[in-house]
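Visitor: Next up is a structure, given as structure tokens.
The values are calculated or read from the model by the stated rules, or taken from the named source; none is laboratory data. Just so it is clear, the structure is predicted and the values come from calculations on it, not from any experiment. When we count neighbours, we look across all protein chains shown, and the Cβ atoms used for this are built from the backbone with ideal geometry, even at glycine. Protein only, heavy atoms only, side chains kept; ligands, DNA and RNA dropped before computing areas. Shrake-Rupley method; radii C 1.70, N 1.55, O 1.52, S 1.80 Å.
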Amino acid sequence: MKVIEYGKENKDVIMLLHGGGLSWWNYRSEAELLCSRFHVILPILDGHSGSDENFTGIEDNARKIISFIDNAYGGNVLVLGGLSLGAQVLTEMLCQRKDICQHAIIESASLVPSNLTHALIGPSVASSYGLIRKPWFARIQFKYLKMRSDLFGDYARDSAAISRDNMISFLKASTAYKAKDELKGSEADVRIVAGSKEQRGILLSANILHGLLPRSRLEIKQGLHHGDYSINHPEDYVGELLAQVQRP
């Protein structure tokens, strides 16, 4: 597993897991804001640009990151955060290890499987994959994702570097993943975040998570779309993260 690290000299560890189709730069601004006080680790999820392994499943990726935390940090970190696919991996980590972190921020996790979407992923990606390396197509996708403009170069470069097989694998895994009862055993203080303009399934998933996680707060961010919070509002993200870890 490959990681990007900021503030290595600091003791308290914050680990942030990027969204599907993106990479570590999803949380670069947050890392730059936090690195003077915290050791910030930005893993590259399997199957994504810069990773050293193919994507084999959300559960597998969660186990690998837990193993990394076990070996490097004694089995526990201060904060885990994740967006979309990264939030699903984080959710799975909370299932597999109840004390893997003290605090968590689960942003826009999908936990309601869609059989139709799942079935269409293979044919859809197969038919459109050749367009991924076209700059005009990347701009259309980027505009649809509503990310801030300075990230376009990172997005165009790294989305084009994802293999067709890996793209199909993580998209299929994401559309099939669902909440597990093991979440009820989590000891983490969890903030569940979604934008008010997200798809219905994401908002439903946020409520499901809130019902399963014993120490959770649900925050619906008014006017925000999918990924808006961490990608486009890093100062708000960091300010609210700091308030979370300082809360008694």
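Visitor: Going through region 75-90 one residue at a time, which ones are in a strand (DSSP E or B) and open to solvent by 10 Å² or more (accessible area, probe 1.4 Å)?
Guide: Passing the criteria: only Leu78.
Visitor: Considering only residues that are among the β-branched types (Val, Ile, Thr), within 17 Å of the chain's Cα centre (by Cα) and open to solvent by less than 50 Å² (accessible area, probe 1.4 Å), which ones fall in region 91-122?
Guide: Correct list: Thr91, Ile100, Ile105, Ile106.
Visitor: Follow-up question, since we're still on this one. All but one of (1) of a type in the set (A, V, I, L, M); (2) open to solvent by 20 Å² or more (accessible area, probe 1.4 Å); (3) within 25 Å of Ser230 (Cα to Cα) hold for Ala72, so report the exception by its number.
Guide: Failing condition for Ala72: (3).
Visitor: To continue, here is another question. Leu33: in contact with a helix residue (DSSP H, G or I) (Cβ under 6 Å, 6 or more places away or on another chain), closer than 21 Å to Ala243 by Cβ and of a type outside the set (Gly, Ala, Ser), yes or no?
Guide: When the stated conditions are applied, Leu33 passes them.
Visitor: Is it true that some residue in region 173-182 is in contact with a Gly (Cβ under 8 Å, 6 or more places away or on another chain) and not aromatic (Phe, Trp, Tyr)?
Guide: The answer is yes, given that some residue of region 173-182 is in contact with a Gly (Cβ under 8 Å, 6 or more places away or on another chain) and not aromatic (Phe, Trp, Tyr).
Visitor: Which members of region 132-155 meet the condition of being open to solvent by less than 30 Å² (accessible area, probe 1.4 Å) and either over 27 Å from Asn61 (Cα atoms) or assigned to a helix (DSSP H, G or I) (or both)?
Guide: Ala138, Phe142, Leu151, Asp154, Tyr155
Visitor: Using the structure shown, decide if Arg164 is in contact (Cβ under 8 Å) with a residue 24 or more places away in the chain, of a type in the set (Lys, Arg), open to solvent by 60 Å² or more (accessible area, probe 1.4 Å) and within 30 Å of Asp52 (Cα to Cα).
Guide: In short, yes.
Visitor: Picking from Arg133, Arg139, which residue would you name as being over 19 Å from the mean Cα position of the chain (by Cα) and at pLDDT below 90?
Guide: Arg133
Visitor: Filter region 209-239 down to the residues that are in contact (Cβ under 8 Å) with a residue 60 or more places away in the chain and surrounded by fewer than 17 Cβ atoms within 10 Å (Cβ to Cβ) and list them by number.
Guide: Hits for region 209-239 are Asn232, Glu235.
Visitor: Between residues in region 80-102 that are within 15 Å of Arg191 (Cβ to Cβ) and residues that are part of a loop (DSSP other than H, G, I, E, B) and open to solvent by 10 Å² or more (accessible area, probe 1.4 Å), which pairs lie under 7 Å by C-beta distance while being six or more apart or on different chains?
Guide: Hits for this filter: Cys101/Asn76.
Visitor: Among all residue pairs at least 6 apart or on different chains, which show Cβ distances below 7 Å where the first residue, located in region 22-40, is closer than 25 Å to Ile162 by Cβ and open to solvent by 10 Å² or more (accessible area, probe 1.4 Å) and the second is among the acidic types (Asp, Glu) and in a strand (DSSP E or B)?
Guide: From region 22-40, no pairs qualify.
Visitor: Answer yes or no as to whether Ile44 is of a type in the set (Val, Ile, Thr), closer than 16 Å to Tyr155 by Cα and open to solvent by less than 40 Å² (accessible area, probe 1.4 Å).
Guide: Yes.
Visitor: Filter region 1-17 down to residues that are in contact with a Pro (Cβ under 8 Å, 6 or more places away or on another chain) and open to solvent by 60 Å² or more (accessible area, probe 1.4 Å), then give me how many there are.
Guide: 1
Visitor: If Asn61 satisfies every condition in (1) of a type in the set (S, T, N, Q); (2) open to solvent by 10 Å² or more (accessible area, probe 1.4 Å); (3) under 20 Å from Gln96 (Cα atoms) but one, which is the exception?
Guide: Just one mismatch for Asn61, condition (2).
Visitor: Please verify whether Tyr129 is open to solvent by less than 70 Å² (accessible area, probe 1.4 Å) and of a type outside the set (Gly, Ala, Ser), treating the condition exactly as stated.
Guide: yes
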